[in-house]
1. Could you give the length gained by full extension between A:His44 and A:Asn28, i.e. 0.36 nm per residue of separation minus their alpha carbon distance, to one decimal place?
2. Reachable aspartates and glutamates from B:Lys208, Cα under 12 Å, same-chain residues fewer than 8 places away excluded?
3. A:Lys113: which aspartates and glutamates have alpha carbons under 16 Å from its alpha carbon, excluding same-chain residues fewer than 8 sequence positions away?
4. Could you work out the relative contact order of chain B? I mean the mean sequence separation of Cα pairs under 8 Å and 6+ apart, divided by the number of residues, in percent.
5. Output wanted: per-residue J couplings in Hz (rounded whole) for the range B:102-108, from phi through Karplus 6.51 cos²θ - 1.76 cosθ + 1.60, θ = phi - 60°, x for Gly and Pro.
6. Distance cut-off 19 Å, Cα to Cα: go down the list A:Lys63/B:Lys13; B:Lys8/B:Lys78; B:Lys78/B:Lys180; A:Lys39/A:Lys70 and report the pairs above it.
7. Find the centroid of the Cα atoms in the range A:43-86 and in the range B:99-175, then give the distance between the two in whole Å.
8. How large is the helix-only mean residue ellipticity at 222 nm for chain B, computed as the sum of -39500 (n - 2.57) over DSSP H runs with n ≥ 4, divided by its residue count, in deg cm²/dmol to the nearest 500?
Amino acid sequence: MNDSLDPRINRLKLNKTDDPCKVEEGENWNVFEVFHQEKRGAHHEHVGCVHAPDAGLALVFAKEQFGRRKKCVNLWVVRSADILAFDVEDEDMFANNLEKTYRDASGFKVMEKINKFKAQAKQANDK
Amino acid sequence: MLLNQLIKELITKMGDDELILGHRNSEWTGLGPVMEEDIAFSSMAQDKIGHSWALYRILHEELGGEDPDQFAFMRSEKDFKCCHLTEMPIGSYDFSLMRHFLFDHAETVRYNSMLQSSFLPLQQLARKVRGELKYHTLHADAWIMQLCRAGEESYLKMQTALDNCFQLACGIFEAGPDDKQLAAENVYPGEEALYEQWIEAIYPVLVKASLNMPERKQPVYGGRYGKHTAYLQPLLNEMGEVFRLNPEATW
């Protein structure tokens, strides 16, 4: 078996098939999802992921990876494996959403009232 | 000697340290151990070069020095005042990482001491680079902890790297002949005071990582007086190669 270009794979010594495969602490890196906060109080938004041996280093990596160009005041990292998600085949649970238009917030016609209120306020100010 | 001349010498050695180590660390770009680290380390190398540019600009704008680019790329080797630690080749990653850890903590105590400097441009710069340096030492500390806890092979490499770097790093604090005057004028507290603060900063991290801190037995001096290792001249040749094709060109 050829050696891999990745030293982490080589360290597993996979070619010795009889030996149990042992992974040292910190050797098997995890994927961490990164969330970016643009200003205090704003939502943290998902921007991508980094590989790291632990959460501390994931945050260190995320800072240069995702926090060095645009405005940023804070970052979150969370291990991708800790995220609970639906299975892909459960997508059908959401299938009829488009028909249930009565649930759309767009159904509330408030702009007229808001515009009327603004006009009144302006009138009052002008007087 | 005139105070301004002393400040000039202080800023020159600071700027040269940052330029040379910034260049050295940038040699890892594209070769870092993993992509995330490659980006982080390259970015911090850029920060260092940025610090040197800021320092050379103070020389130029406040102290009648040369144009920063000319000063960086056209000087001869003996006019550089960087310490030997910064000149050493990148070696393997454990060496480069340990050098980064020792140097950036030294840089942090140096700039922190200048937050109260009587020389205003240094005080302003110290305030400006504070956040960057906070990240640099956070990064360095996290890696030291990680690698010292990643098995015997890794731990031994880090201890060896520390042993190889330590006397060189003590050379950062090679005293200048006029440190007392600079301290008396509140420009900065002088090299010996910074050395003590540096030990206080790195010691807790080393203890946490179970590393043995060597004693300051034979600090590697000479750089501050223009005496350098054989590694500096080839670095200067490479660094200034393009600039010297046409020193008058506008970039």
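1. The span from A:His44 to A:Asn28 would gain 3.0 nm if fully extended.
2. Excluding near neighbours in sequence, the set is B:Asp141.
3. Within reach: none.
4. Numbers: 306 pairs, mean separation 62.1, N = 251.
Result for chain B is 25 percent.
5. Whole-Hz 3J(HN,Hα) from phi for the range B:102-108: 5, 5, 6, 5, 5, 4, 5.
6. Details: A:Lys63/B:Lys13 30 Å; B:Lys8/B:Lys78 16 Å; B:Lys78/B:Lys180 25 Å; A:Lys39/A:Lys70 11 Å.
Where the Cα-Cα span goes over 19 Å, the pairs concerned are A:Lys63/B:Lys13; B:Lys78/B:Lys180.
7. Cα centroid of the range A:43-86 versus Cα centroid of the range B:99-175: 25 Å apart.
8. Values: 10 runs with 169 residues, N = 251.
Counting only the DSSP helices, I get -22500 deg cm²/dmol.
Every number in this text was worked out from the coordinates using simple rules, so none of it is lab data. Keep in mind the model is a prediction, meaning the values are calculated, not measured. Reconstructed Cβ throughout: ideal geometry from the backbone, glycine too, with neighbour counts over all protein chains shown.
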